[in-house]
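Can you read through this structure? Questions will come right after.
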Amino acid sequence: MHREVTDAKERKRLQDMMTQKGTPVNFDVGDFVLWSRIDQRLPNNKLLGQWVGPFKVIEALPHSFKIEHLVTGRIY
């Protein structure tokens, strides 16, 4: 019973964090976008390009979106 209560509290905490964090996405399905490499875990290198792309928005969610690389077809 103790484990069920702690699991429920953890799920509630994670759900609250998801709803409070982030800003609404301002892209629509079919838009073309560039992806910032700032969030990736790459070594700092001033000569490394900051933006990657082009990508096409496949699915827009409230705080994130799915994108497809136009050249490789890989989905992120």
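Can you put Phe55, Phe32, Phe65 in order of Cβ neighbours within 10 angstrom, beginning with the fewest? Please list the in-between numbers first.
Working: Phe55 21, Phe32 12, Phe65 18.
Fewest to most other Cβ atoms nearby, the residues stand as Phe32, Phe65, Phe55.
Give me, ordered by chain and number, the residues 5 or more places off Asp31 or on other chains with an amide H under 5 Å from its own placed amide H.
Val57
We did not get these values from a lab; they are worked out from the coordinates using the rules stated. Given the structure is predicted, the values throughout are model-derived calculations rather than measurements. As a convention, Cβ positions derive from the backbone with ideal geometry for all residues, glycine included, and neighbour counts pool all protein chains shown.
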